[in-house]
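Taking it in order: structure first as structure tokens, then the write-up.
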Amino acid sequence: MALTGIEIYKFLPKTNCKECGFPTCLAFAMKLAAKGVELSLCPYVSDEAKEALETASRPPIRLITIGSGERKIEVGNEVVMFRHEKTFYHPPGFVVRLKDTDPADEIAKLVDEVTSYSVERVGMELSLDGFAIENDSKNGGGFVKCVELVKSKTDLPLILMSSDLPAMDQALEKVASSKPLIYAATKENCDQMAELAKKHQCPLAVYEPESLSELAGLVEQVTGAGVEDVVLDPGARDFGQSLTTLTQLRRLALKKSFRLLGYPIITFPGEGATSVEEEALLAGQQVAKYAGIIVLDRFSPTVSYPLLTLRLNIYTDPQKPIQMAPGIYEIGSSKPDSPLCVTTNFSLTYFSIAGELESSGFPSWLLVCDTEGLSVLTAWAAGKFDAERIAKTVKEFNVAERISHRSVILPGHVAVLRGELEEELPDWKIMVGPREAVDVGGFLKQQWAG
Amino acid sequence: MPAVEVPTEKWTGRVHEVRLGGNGRKSVVVGGEATLPFLQFEGSFPNKPLIAIEVQDCEPKDWSPHLIAAWGDVLSDPGAWAKKAVELGADIIALRLRSAHPEEGDTGADEAKRNTDKVLSAVDIPVIILGPEVAEKDNEVLVAASDVARGQRIALGNCLEKNHRTIAATCIADGHVAIAKTPIEINLAKQLNILLCDVGLSPDAILMDPTTGALGYGIEYTYSVMERLRLAALGGDAMTAMPMICTVGEESWRQKESKFAEGLPASWGEHEERSLIWEEVTASILLNSGADIVVLRHPKTVALVKAAIDKLVSA
């Protein structure tokens, strides 16, 4: 775990030579603890101290990169058990598995579909992250050909799954520059797999379902052979095993700084499931509970969309809530004479009111003001949701051109803004809506339709 | 081989056990956990989370066609609906007295009594009665339902801060359980539990509804508030140690992803399947953050989530 300034200070020369640019060694140590500077600024730090500090500052779960380029997968480097303690940093990669026994044209089609799949949510484009190619044919040549085919169609990261060492070597010859994950080193082949990982400079998955001790033993063997980038497969396949084992691994890494198990984890929810729905459910559990790479056996937008949404939700920084882009939103098939409500850009506020408007049966317009992600009352109290800002938003997004009437509905909690808003928007009728989103349907029925 | 000693947490607290049913009716117990959800390697997880199926007292005409097709003609009869729900695996029936809503018929105490009685006589499993979520009407119909079910230990919701005295009093008088609902906030949840205990309701007669955000619609808030409540409970805070209930079906089926079949991007996938997965994933994630009861709508979700719970507890 990270060291404090005082702990770091003990390793420094304590000469206050100022050559690092700080007045004292203690000041430099404090800055190091805050990760604001590099240790290399100190010309006199001993090698022994350097190593001790580097070991201590190594993240408890190593950051592993799979693939290269813009869409590479980076996982690991997590620091908490629960997202509310800080945040979860590196969302798990969703990878689709295909087999070298599948017909080439089907593989080509699937690779195109997955690579181009993209879905928009709260202004973000969400997509899948890669392919796992399994050597199911037991034919080395077939595997290499399949890897080449997939590589020729996509830039997404790859996982190569084969126990055929020459075939793995040949496949790596073709694609090693894009840093695929090698799956997997086992008890039987770990020395040779470690050799391949070193030769081709690629990350290596380690599979050992027997026990965490044996898994750690295998990791010790491959890291001892010089492999640095490791991904763990503890073989925990079903719902219960997955939750228990992945929780234990996260705890060992974070609470015990257990280096040998401080790596991201790969999961195969399809192997613990009996249907596509069950696979989705287990993959969802693994998003929340500690997977680093999730290999899906099936691709379907129906499953990808909810899973990508869930990943976005769980990996949102609790300190920085998702904000909606300010603007005017159509809820249902709104027309120029549909009602206009105004709200803040805190995503939860937006979703509450948008959901209620959606189910009210009234197509409507929802004007979202930039309140820096605060909810109605909080934003009002902080002076970020006032008449001036609402009026400005009305003008900025040309609301008057989109709708034929001149009525705007305020959230009931900020009824006090009515007077000021009438001054800011003299041509408009300012209506005060209900305090709670849930009552907006009833409000519209009475005040709008009636 | 390196020795691996898995760190376990020494929790001092435990979730209260809450019993529903009894007095001739089958009874169930929820809560009692001395560990985080399903982590039986370090503490006792004595009662598996249960599934309540939502039944409404008037035909839900605005429901998704997929729900309507799944339930068929029982939707017009709460008794028949509840019976079918039992056949499809419900542990508990959650009867929503929707017709009492001013927009849905504005029925009163008599209708509430009639429909509660219908469901109570149709099935022998425990029952939850939910009001229309309009404060004055909630009080009127929940008190009426409470009276009909006296002694059968049903759960009554929602109990909010503003009506907690009324609901607590009726729960104490008739031997029921209150569902304390607060808006996704740990301190408000604790505060309401304290208020309820202050007016004499026993901690083992309270369920917490932390307010459910569906997948894509605030689930991360509900998820983290529930994790924090459960961690506080296990840390020894008895006023956060009530079992939790989540209205998963209601929240997931009202979202755009489930509501609309047409005019949506192809990247959203197929409508019926997507609606189901939306409800299923919402349920599964909230079970992993501490839900003791999930209220569901679609029979297929019930079957799938039930199977997942069984796999989680049998590990």
Exercise. Just for segment A:309-334: of the residues that are hydrophobic (A, V, I, L, M, F, W, C) and part of a loop (DSSP other than H, G, I, E, B), which one is farthest from residue A:371 (Cα to Cα)?
Worked result: A:322
For this session: Return yes or no: is residue A:372 more than 14 Å from chain B (Cβ to nearest Cβ), closer than 13 Å to residue A:344 by Cα and not polar (S, T, N, Q)?
Result: yes
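Scan B:219, B:154 and give me the residue that is buried (at least 24 other Cβ atoms within 10 Å of the Cβ) and either of a type in the set (Ser, Thr, Tyr) or within 12 Å of chain A (Cβ to nearest Cβ) (or both). Working first, answer last.
Numbers: B:154 fails: either of a type in the set (Ser, Thr, Tyr) or within 12 Å of chain A (Cβ to nearest Cβ) (or both).
The conditions single out B:219.
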Problem set entry | helices (runs of 4 or more DSSP H) completely within segment A:196-288 that count 2 or more residues being under 27 Å from residue A:164 (Cβ atoms) | A:212-224
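Filter segment A:132-188 down to residues that are part of a helix (DSSP H, G or I) and of a type outside the set (A, V, I, L, M), then give me how many there are.
Our first condition is that a residue be part of a helix (DSSP H, G or I); within segment A:132-188, this holds for A:140-153, A:165-178.
So of that shortlist, the ones also of a type outside the set (A, V, I, L, M) come out as A:140-143, A:145-146, A:148, A:151-153, A:166, A:169-170, A:173-174, A:177-178.
Total meeting the criteria: 17.
Residues A:285, A:319: which one is surrounded by 24 or more Cβ atoms within 10 Å (Cβ to Cβ) and either in contact with a His (Cβ under 9 Å, 6 or more places away or on another chain) or outside the structural domain of residue A:380 (by TED's automatic domain parsing) (or both)? I'd like the intermediate steps shown before the answer.
Details: A:319 fails: surrounded by 24 or more Cβ atoms within 10 Å (Cβ to Cβ).
Testing whether each residue is surrounded by 24 or more Cβ atoms within 10 Å (Cβ to Cβ) and either in contact with a His (Cβ under 9 Å, 6 or more places away or on another chain) or outside the structural domain of residue A:380 (by TED's automatic domain parsing) (or both) leaves just A:285.
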Exercise. With (1) free of Cβ contacts under 8 Å to residues at least 60 places away in the same chain; (2) not acidic (Asp, Glu); (3) not in a loop (DSSP other than H, G, I, E, B) as the list, and residue A:114 as the residue in question, which single condition is left unmet?
Worked result: (1)
Seminar exercise, completed: Subset of segment A:204-215, residues crowded, with 24+ Cβ neighbours inside 10 Å and in contact with a Leu (Cβ under 7 Å, 6 or more places away or on another chain), comes to A:205, A:206, A:215
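Has segment A:14-28 got at least one residue that is in contact (Cβ under 8 Å) with a residue 24 or more places away in the chain and under 23 Å from residue A:58 (Cβ atoms)?
There is no residue in segment A:14-28 that is in contact (Cβ under 8 Å) with a residue 24 or more places away in the chain and under 23 Å from residue A:58 (Cβ atoms).
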For this session: Collect the residues in segment A:333-345 that are more than 9 Å from chain B (Cβ to nearest Cβ) and surrounded by fewer than 23 Cβ atoms within 10 Å (Cβ to Cβ), keeping them in residue-number order.
Result: A:334, A:335, A:336, A:337, A:338, A:340
Problem set entry | residue A:219 being on the phi < 0 side of the Ramachandran plot, among the β-branched types (Val, Ile, Thr) and under 22 Å from the mean Cα position of the chain (by Cα) | no
Problem set entry | Boolean, residue B:90 is under 22 Å from residue B:60 (Cα atoms) and either surrounded by 24 or more Cβ atoms within 10 Å (Cβ to Cβ) or away from chain A (no Cβ under 14 Å) (or both) | yes
Exercise. From the list A:308, A:348, which one is facing another protein chain (nearest Cβ under 9 Å), within 20 Å of the chain's Cα centre (by Cα) and either in contact (Cβ under 8 Å) with a residue 24 or more places away in the chain or farther than 30 Å from residue A:288 by Cα (or both)?
Worked result: A:348
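Take the residues in segment A:247-284 that are among the hydroxyl-bearing types (Ser, Thr, Tyr) and within 10 Å of chain B (Cβ to nearest Cβ); name whichever of them is nearest to residue A:89 (Cα to Cα).
A:247
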Exercise. Which condition breaks for residue A:291 when tested against (1) within 21 Å of the chain's Cα centre (by Cα); (2) modelled with pLDDT under 95?
Worked result: (2)
For this session: Name every residue in segment B:1-16 that is crowded, with 17+ Cβ neighbours inside 10 Å and modelled with pLDDT of 95 or more, in order of residue number.
Result: B:11, B:13, B:14, B:15, B:16
For this session: From the list A:255, A:198, pick out the single residue that is modelled with pLDDT under 95 and out of contact with any helix residue (DSSP H, G or I) (no Cβ under 8 Å at 6 or more places or on another chain).
Result: A:255
For this session: Please determine, by comparing only the residues of segment B:288-309 that are surrounded by fewer than 24 Cβ atoms within 10 Å (Cβ to Cβ) and more than 9 Å from chain A (Cβ to nearest Cβ), which one is farthest from residue B:227 (Cα to Cα).
Result: B:299
Problem set entry | Number of the exception - residue B:282 against (1) crowded, with 24+ Cβ neighbours inside 10 Å; (2) over 19 Å from residue B:229 (Cα atoms); (3) more than 7 Å from chain A (Cβ to nearest Cβ) | (2)
Exercise. Residue B:64 passes all but one of (1) within 30 Å of residue B:118 (Cα to Cα); (2) more than 14 Å from chain A (Cβ to nearest Cβ); which number fails?
Worked result: (2)
Exercise. Can you pull out the residues in segment B:283-309 that are of a type in the set (D, E, K, R), in contact with a helix residue (DSSP H, G or I) (Cβ under 9 Å, 6 or more places away or on another chain) and part of a helix (DSSP H, G or I)?
Worked result: B:300
Exercise. Just to be sure, is residue B:20 without any contact (Cβ under 8 Å) to a residue 60 or more places away in the chain and over 16 Å from residue B:301 (Cβ atoms)?
Worked result: no
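Give segment B:191-223 a look and list any residue that's more than 17 Å from residue A:352 (Cβ to Cβ) and in contact (Cβ under 8 Å) with a residue 60 or more places away in the chain, or say none.
Those that are more than 17 Å from residue A:352 (Cβ to Cβ) and in contact (Cβ under 8 Å) with a residue 60 or more places away in the chain: B:203, B:204, B:205, B:206, B:207.
Condition check ((1) modelled with pLDDT under 85; (2) of a type outside the set (Lys, Arg); (3) closer than 30 Å to residue A:178 by Cβ) across all residues:
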{"residue": "A:1", "(1), (2), (3)": "yes, yes, no"}
{"residue": "A:4", "(1), (2), (3)": "yes, yes, no"}
{"residue": "A:36", "(1), (2), (3)": "yes, yes, no"}
{"residue": "A:43", "(1), (2), (3)": "no, yes, no"}
{"residue": "A:58", "(1), (2), (3)": "yes, no, yes"}
Exercise. Are any residues in segment A:217-239 under 16 Å from residue A:265 (Cα atoms), surrounded by fewer than 23 Cβ atoms within 10 Å (Cβ to Cβ) and in contact with a Lys or Arg (Cβ under 6 Å, 6 or more places away or on another chain), and if so, which ones?
Worked result: A:238
For this session: Quickly run through segment A:71-85 and pick out the residues that are farther than 24 Å from residue A:206 by Cα, part of a loop (DSSP other than H, G, I, E, B) and either in contact with a strand residue (DSSP E or B) (Cβ under 7 Å, 6 or more places away or on another chain) or in contact (Cβ under 8 Å) with a residue 40 or more places away in the chain (or both).
Result: none
Exercise. Which one is nearest to the other protein chains (Cβ to nearest Cβ) among residues in segment B:1-37 that are under 14 Å from residue B:231 (Cα atoms) and among the hydrophobic types (A, V, I, L, M, F, W, C)?
Worked result: B:36
For this session: Quick one: in segment B:253-279, of everything that is within 10 Å of chain A (Cβ to nearest Cβ) and among the hydroxyl-bearing types (Ser, Thr, Tyr), which residue is surrounded by the fewest Cβ atoms within 10 Å (Cβ to Cβ)?
Result: B:267
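The values are calculated or read from the model by the stated rules, or taken from the named source; none is laboratory data. Since the structure is predicted, the reported quantities are computational estimates derived from the model, not experimental observations. We place every Cβ from the backbone using ideal geometry, glycine too, and count neighbours over all the protein chains shown.
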